[in-house]
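The values are calculated or read from the model by the stated rules, or taken from the named source; none is laboratory data. Quantities reported herein were computed from a predicted structural model and do not represent experimental measurements. In this analysis, Cβ positions are derived from the backbone assuming ideal geometry, glycine residues included, and neighbour counts consider all displayed protein chains. Ligands, DNA and RNA are stripped out before the accessible areas are found, and what is left, the full protein with its side chains, is counted by its heavy atoms. Shrake-Rupley method; radii C 1.70, N 1.55, O 1.52, S 1.80 Å.
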Amino acid sequence: MTGPMQLLTLMVVLLLLATFGYRLGRNRALAAASGNPRLLHSLPSYHGYYVALWCGLPALLVIVGWLMLEPAILHGTVMTSLPAEMQSLPEERLALVYNEVRNVARHGHVPSTAVVGEAAQRYVSLRTTMFFSVAVASLAVAVAALAFAHRRIHTNMRARNRVEATVKVFLMASSMVAILTTIGIVLSLLFESLRFFQTVSLFDFLFGTQWSPQIAMRSDQVGSSGAFGAVPLFAGTLLISGIAMAVAVPLGLLSAIYMSEYAAPKFRSVVKPLLEVLAGIPTVVYGFFAALTVAPFIRDMGAHVGLSVASESALAAGLVMGIMIIPFVSSLSDDVISAVPQSLREGAYGLGATKSETIRQVVIPAALPGIVGSVLLAASRAIGETMIVVMAAGLAANLTANPLEAVTTVTTQIVTLLVGDQEFDSPKTLAAFALGLVLFTVTLALNVVALHIVNKYREKYD
Amino acid sequence: MVENAIAVTPAQAAASRLKQRYAAETRFKFLGISAIVLSLSFLALLLVTILSNGLTAFVQTSIRVDITLDAETLGIDPVKPSADALSSANYGQVIKNAMYKAFPAVESRPELRQLAAMVSSGADVGLRKMLVANPSLLGTTQSVWLVADDDVDMAMKGHITRKAGAEGSRLTDAQLGWLDELEARGNVAKRFNTALFTVGDSREPEQAGLWGAVVGSFFSLSITLLVCFPLGVATAVYLEEYAPKNRWTDLIEVNINNLAAVPSVVFGLLGLAIFLNFFGFPRSAPLVGGLVLALISLPTIIIAARAAMKAVPPSIREAALGLGASKLQMVTDHVLPLSMPGILTGTILGMAHALGETAPLLMIGMVAFIVDIPASPLDPAAVLPVQVYLWADSPERAFVERTSAAIMVLLFFLATMNLAAIFLRKKFERRW
């Protein structure tokens, strides 16, 4: 059996070889300069790194290349060796067969048929042979490259320049990861969403008012046709985020004003971190709090005054979400209010304004763009927040504006559609990606606008 | 209006307006302080709720019974007990017999069943461990503390009213009577809940532990740290020290800032589509969880590392370059060591954030019910916040208590990490 442990061993062997290469290179450089490092162009250690890099990188490329190709080779070889009548099966069935072969080979499942068992044995033996040949190949490459680099060392070799050029390439590649992540997000969302829109039209998805994504296993079952109108989801998201913002904006803004304009430095240094604790608590904790304490409390209060409140009311989820995003509003607003130049305040005081008049009529208008930016950032948090709504909001897609009823949100549906057993071809799971695409687009737009406003405002006073 | 102006002198009007304005001032200030008080009282309420619900989970009700380790009932050869026989013996029956003996008056079959149900269905595990460790106990009678069933536990802790038919109570009148009797004999006690910290998940609340989730979180975060610390620092070094000021660099920067604000559930979708479906990584594994969390915390670490590097004065760079150091030597020998406290602080905060992240892990299948403690990052595992989510979903009253306890453990780790970050910042902060 070959597994991650063998791969790890191979890596460790390569690393040891590279370390060995480092020592060889350094010693050879020193020997070439007859023990006097001053005669060398680069420090001896750079010669060492030079050899080590030559030793490690090409071999690593071999291994990575194999890791990329391995699944395709295995799939091709195992499938073509299956009996002819099996190969003529439709594509989905073949994929299932291959899946079983892999499970038998890798996780020791019991094969359902003898054919699968044989295929699994071929899979294992092929994989083992391939692994050992790749291990030998990569080690051979490493040794050859080591010998090559070792021979090239002489006193005038520009080892430092070459090593630093390699490191620079690594640094550049690292900075690419952020770009790659974004590309990965966009591509995976787009790709799966396009497959979704092949079965459900874009118009129905964006403007339909029926959401019942239950697709049955067979197309002739009752209720097998799902409806994918996402309007109730958008409405629910807006309702809950709206409640959250109605809680967070006044509380956060007033806290920020008090802390930046009134509070003594000591009070501020204690209260500000405490408020930020609210943002540091995991959202799953808020979800538990909402479902366990807040929702029953609101339901009981409603019962007292004769209102019927759903036990998963939008109000409970929104309220708790609002508490969570208070610090997002307060911290950023605090910063922008503090950044308003003192001269503006002094001008207002000089005209006889009281402190609150100065704040309301001078400071806030001056800080308004930044405050709007912070509110937009908080709104994007609220829209993308998942755990609170998964645990405290409902699953039924009601199209309502009544905060006492249960509504569902985009994020709740993404989680519900994808948790549990998945088939990757049903519109049900693909719908989650379409929802993800909407979510990504909306939050991205909110962030871009918010950052733009904040940055523009900053330039004004710098 | 005109009449008013005649009736009061301008000075009087100004004075009364001033009074109003000062009142408005006081009101405004009061609004500000009450917003802060309200926000903080929410925080206090949250913590008090968790504490009051969860503190009792650290103890577990146990029942003391005299157990006769009868070789015949156990089905073990008394002369030469083999290890195999010892570990597969019928401990459940021995425990039942001991319970029956404690209440000899009980005779009817349903009542006997209720009596046996007062002890946890997993109590035999402890007994087996005891006998396997010390086979000479075979045939003796031992006084043993057995873990009680979760309903008994809840009644003992007062979370459920000790009355048959009370809300959430599944205990019968007879069981409550036996419980009173046991208590009077001093055979019921609340002992430290070791299971909570030593075993994995279970369907039975009294046998459910957090250890599997703690280990899973540890594996995930290790992967996250291994991936995103080198990548984050390398990116920050490139952007701060090497990158030319051009459109491409701007694009990378905008990208990083935007990634920091992408909802975490979208990263879960990415992990599902790329890591699971495209690369075929195992589901529910900390490896995939760690990779997804690494992508989530990468922007945080890059931003923190860049800020720390920016704070290193240019004079230090110039001095290094002036003495003949190359750019890389300047970075590795001067800039990085000087900015390391800041980078580490940012990394710890990023890790703390990753520890509390739940939603993306649900997407990649880390919600499975997993009893075994994971032995490697490739084994299926739960992580702490997901364990909280799973337990919060369970209907038993005893799981409410355990969920709160799990949250306390999670918050404890988060607080420790944040305090470590604050300590690092305070201790090594340098101003030039």
Practice item. Return a yes/no flag: does the stretch B:38-57 have any residue that is assigned to a helix (DSSP H, G or I), away from chain A (no Cβ under 14 Å) and buried (at least 16 other Cβ atoms within 10 Å of the Cβ). Key: yes
**Study point:** Number of positions in the stretch B:304-325 that are open to solvent by 30 Å² or more (accessible area, probe 1.4 Å), farther than 30 Å from A:HIS41 by Cα and small (Gly, Ala, Ser)
**Key:** 2
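Please indicate, with yes or no, whether at least one residue in the stretch B:101-114 is open to solvent by less than 30 Å² (accessible area, probe 1.4 Å) and either within 38 Å of the chain's Cα centre (by Cα) or not assigned by TED's automatic domain parsing to the domain that holds B:LEU86 (or both).
No: the stretch B:101-114 contains no residue that is open to solvent by less than 30 Å² (accessible area, probe 1.4 Å) and either within 38 Å of the chain's Cα centre (by Cα) or not assigned by TED's automatic domain parsing to the domain that holds B:LEU86 (or both).
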Practice item. Pairs only if they're at least six apart or on different chains, beta carbon under 7 angstrom, first in the stretch B:341-360 and within 9 Å of chain A (Cβ to nearest Cβ) and more than 14 Å from A:GLY280 (Cβ to Cβ), second assigned to a helix (DSSP H, G or I) and of a type in the set (Val, Ile, Thr); list them, first residue then second. Key: B:THR358/A:THR283; B:THR358/A:VAL284; B:THR358/B:VAL386; B:ALA359/A:VAL415; B:ALA359/B:VAL265; B:PRO360/B:VAL265; B:PRO360/B:VAL292; B:PRO360/B:ILE296
Study note, to complete from the structure: Given (1) under 36 Å from the mean Cα position of the chain (by Cα); (2) within 30 Å of B:ALA184 (Cα to Cα), B:GLN93 misses just (1)
Revision key, fill the gap. So the helices (runs of 4 or more DSSP H) completely within the stretch A:321-396 holding 3 or more residues that are under 29 Å from A:PHE228 (Cβ atoms) and within 12 Å of another protein chain (Cβ to nearest Cβ) are A:364-384, A:387-392
Check your understanding: Tally time: how many residues in the stretch A:299-347 are free of Cβ contacts under 8 Å to residues at least 40 places away in the same chain and either of a type in the set (A, V, I, L, M) or open to solvent by less than 10 Å² (accessible area, probe 1.4 Å) (or both)?
Key -> 4
Review point. Do the conditions hold for B:LEU146, that is, is it among the aliphatic types (A, V, I, L, M), farther than 15 Å from B:LEU179 by Cβ and in contact (Cβ under 8 Å) with a residue 24 or more places away in the chain?
Key: no
Practice item. Confirm whether B:LEU221 is more than 9 Å from chain A (Cβ to nearest Cβ), of a type outside the set (Asp, Glu), open to solvent by 20 Å² or more (accessible area, probe 1.4 Å) and in a helix (DSSP H, G or I). Key: yes
Practice item. Go through (1) touching a residue at least 12 places away in the same chain (Cβ under 8 Å); (2) facing another protein chain (nearest Cβ under 10 Å); (3) crowded, with 18+ Cβ neighbours inside 10 Å; (4) not small (Gly, Ala, Ser) one by one and return the number of the condition A:THR237 breaks. Key: (2)
Check your understanding: Going by the structure shown, is A:ALA366 within 30 Å of the chain's Cα centre (by Cα) and either at pLDDT 95 or above or hydrophobic (A, V, I, L, M, F, W, C) (or both)?
Key -> no
Revision key, fill the gap. Among A:ALA263, A:ALA291, the single one that is at pLDDT 90 or above and open to solvent by less than 40 Å² (accessible area, probe 1.4 Å) is A:ALA263
Check your understanding: Do we have B:LYS29 as part of a helix (DSSP H, G or I), touching a Leu at 6+ places or on another chain (Cβ under 9 Å), basic (Lys, Arg) and surrounded by 13 or more Cβ atoms within 10 Å (Cβ to Cβ) here?
Key -> no
Exercise for review: Sort through B:ARG203, B:ARG191, B:ARG170 and tell me the only one that's of a type in the set (Lys, Arg), farther than 30 Å from B:ALA381 by Cα and surrounded by fewer than 20 Cβ atoms within 10 Å (Cβ to Cβ).
Suggested key: B:ARG170
Review point. Is there a residue in the stretch B:330-340 that is surrounded by fewer than 23 Cβ atoms within 10 Å (Cβ to Cβ), within 14 Å of another protein chain (Cβ to nearest Cβ) and in contact with a Lys or Arg (Cβ under 6 Å, 6 or more places away or on another chain)?
Key: yes
Study note, to complete from the structure: Just one listed residue, out of A:VAL64, A:VAL12, A:VAL51, is among the hydrophobic types (A, V, I, L, M, F, W, C), open to solvent by less than 50 Å² (accessible area, probe 1.4 Å), out of contact with any strand residue (DSSP E or B) (no Cβ under 7 Å at 6 or more places or on another chain) and in the same structural domain as A:LEU146 (by TED's automatic domain parsing), and it is A:VAL51
Point to revise | Pick from the stretch B:304-322, criterion away from chain A (no Cβ under 14 Å) and of a type outside the set (Gly, Ala, Ser), ranking: nearest to the chain's Cα centre (by Cα) | key: B:LYS310
**Study point:** Among the candidates B:ALA375, B:ALA398, B:ALA381, B:ALA405, residue that is open to solvent by less than 10 Å² (accessible area, probe 1.4 Å), part of a loop (DSSP other than H, G, I, E, B), away from every other protein chain (no Cβ under 11 Å) and not polar (S, T, N, Q)
**Key:** B:ALA381
Practice item. Report whether or not B:ALA83 is of a type in the set (A, V, I, L, M, F, W, C), open to solvent by 60 Å² or more (accessible area, probe 1.4 Å), in the same structural domain as B:TRP178 (by TED's automatic domain parsing) and out of contact with any strand residue (DSSP E or B) (no Cβ under 6 Å at 6 or more places or on another chain). Key: yes
Point to revise | the stretch B:173-188, residues that are buried (at least 16 other Cβ atoms within 10 Å of the Cβ) and without any contact (Cβ under 8 Å) to a residue 40 or more places away in the chain | key: B:LEU176
Review point. Quick check: anything in the stretch B:98-112 more than 30 Å from B:GLY177 (Cβ to Cβ), at pLDDT below 95 and touching an Asp or Glu at 6+ places or on another chain (Cβ under 8 Å)?
Key: no
Review point. If the Cβ limit is 7 Å and pairs must be 6+ apart or interchain, which residue in the stretch B:27-48 that is more than 16 Å from A:GLU357 (Cβ to Cβ) pairs with which residue that is aromatic (Phe, Trp, Tyr) and crowded, with 17+ Cβ neighbours inside 10 Å?
Key: B:ILE33/A:TYR258; B:ALA35/A:TYR258; B:ILE36/A:TYR258; B:LEU46/A:PHE289
Exercise for review: Taking the residues in the stretch B:259-303 that are surrounded by fewer than 20 Cβ atoms within 10 Å (Cβ to Cβ), without any contact (Cβ under 8 Å) to a residue 40 or more places away in the chain and on the phi < 0 side of the Ramachandran plot as candidates, determine which candidate is farthest from the other protein chains (Cβ to nearest Cβ).
Suggested key: B:PHE281
Practice item. Give, as residue ranges, the helices (runs of 4 or more DSSP H) completely inside the stretch A:247-308 that count at least 2 residues that are at the interface with chain B (Cβ under 7 Å from one of its Cβ atoms). Key: A:265-280, A:283-289
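Just give me the residues in the stretch A:113-132 being over 36 Å from the mean Cα position of the chain (by Cα) and either surrounded by fewer than 20 Cβ atoms within 10 Å (Cβ to Cβ) or farther than 16 Å from A:ILE73 by Cβ (or both), in sequence order. Give the steps one after another, and end with the answer.
Pass one, the stretch A:113-132, residues over 36 Å from the mean Cα position of the chain (by Cα): A:113-119, A:121-122, A:125, A:129.
Within the stretch A:113-132, A:THR113, A:ALA114, A:VAL115, A:VAL116, A:GLY117, A:GLU118, A:GLN121, A:ARG122, A:SER125, A:THR129 meet the criteria.
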